[in-house]
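Accompanying notes for the structure given below.
A short reminder: the numbers here are calculations on the coordinates, not readings from a lab. Just so it is clear, the model here is predicted, and its values are computed rather than measured. Neighbour counts run over all protein chains shown; Cβ positions are idealised from the backbone, glycine included.
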Amino acid sequence: EILFLKFMVRDYRDLTGKDLGLIMHNIVRLNDDEAAELRSRIENMSPRSAASTFDMSTDPAPIHEWLARFQETRLEWQRPDDNAALPAPALTSGDDLPKAGNSKIPLPAITPELLMSQFPDMSDADRQALEYIADPENFSHVLHSDGTVLSVSENGPAAHFKNTYIPHTWTFKYNFKSPGEDYPYFASHVAQYQYVLAAVAGGWIGQMPVTLIRDNVINQATLNNTEGLKGEELKTAFLNNTPNGKSTAKILEAFNLEATSVKVEEIDGDANFYVNLKRK
C-alpha cells in the first residue's frame with residue numbers, strides 16, 4: 001500500500017504539476033501535520049529498502065489511518081465518469097498548471113469484433129478476460145493524448161495499470177495487483193486492451209512496437225537478478241528469472257512478439273529496462 005501510494009503521488013504530480021504538499025491534501029485529505037510526516041517518509045523512501053522504510057511495529061496506527069482514508073479517496077480524481085474538477089490549490093503558479101499536450105481524450109468504441117481482429121488466436125479464457133476488462137462495472141479507463149492509458153479495477157481486488165503506447169515504443173510505467181489475490185485476467189490482457197484504446201484513438205491500430213520499456217523498476221528480485229549483467233546473459237536473466245521480466249515475456253507472447261535484446265539503465269536505485277522487439 002505504501003508503494004502504491006508513492007505511485008499515485010507520482011501519477012497525480014505528472015498530471016497536474018502540483019507541489020507534493022498539495023498532493024497530500026488532494027489525494028489523502030490529510031491535515032498539515034499528517035501531510036508533512038507522510039511527505040517526509042515518501043520523499044526519503046529508498047526503492048531498494050521499501051519494505052523496511054516504514055517500521056509498523058513502533059506506531060502503526062497513524063499510517064493505517066492515512067492509508068484507510070487514501071483507499072477511500074484515491075480514485076475520485078481519475079474516474080472517467082467524474083466530471084468534477086480537481087480540488088483547487090490555495091496558491092497557483094505556472095508550475096501548478098496541467099502539462100500541455102497531455103489532456104484527457106474520449107475513449108474510442110472498442111467492439112468484440114475489433115478485439116478479435118487484433119488477437120485472432122486468443123482462447124475463450126482470453127476473450128472472457130478482455131470482456132471483463134472492457135466492462136465499466138469492472139474497470140475504469142482514462143486515455144490521454146500522449147498515449148498514456150490509466151486502467152483501474154472498480155470491482156474485485158485492487159489493481160492499477162498505467163502505461164503509454166505510441167507507434168514503435170510502449171512504456172510500461174507501473175502495473176499493480178494485490179499479492180495473493182485471484183484475478184480473472186492477467187496484466188497482459190490489460191495491456192492488450194490498453195493498446196487497442198491508444199492505437200484506435202491515435203489512428204495506428206495494427207502497428208507493433210520495436211521497443212518496450214519497463215520504466216522505473218523497483219522490484220528487488222528483478223534488480224538483484226540482473227545486476228551487472230549485459231547482452232544475452234541479461235536478456236535471459238531478465239525474461240526468465242525476474243518478476244518484471246516474466247510479466248514482460250507474457251505480454252510479448254500476447255502480441256506475438258519476440259525480444260531480440262535487453263538493455264538496462266540504472267537511475268537513483270531504480271532501473272529502466274529496454275527490450276528490443278521483432279514480430280515472431
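Some observations on this one:
- Nonlocal amide H pairs with Ala158, under 5 Å, H built at 1.01 Å: Ser178
- The convex hull drawn around the Cα atoms of the range 157-211, when projected onto a plane and averaged over every direction, covers 4.0 nm².
- At full extension, Lys278 and Glu265 could sit 2.6 nm farther apart than now, given 0.36 nm per residue minus the alpha carbon distance.
- Stokes-Einstein D in µm²/s, Kirkwood radius over Cα pairs - the range 104-279 at 20 °C with 1.002 mPa s viscosity: 129 µm²/s
- Distance (nanometres) between label positions extended 7 Å along Cα→Cβ at Ala221 and Asn102: 3.1 nm
- Modelled spin labels at Ile166 and Ser145, positioned 7 Å past Cα toward Cβ, are 1.4 nm from each other.
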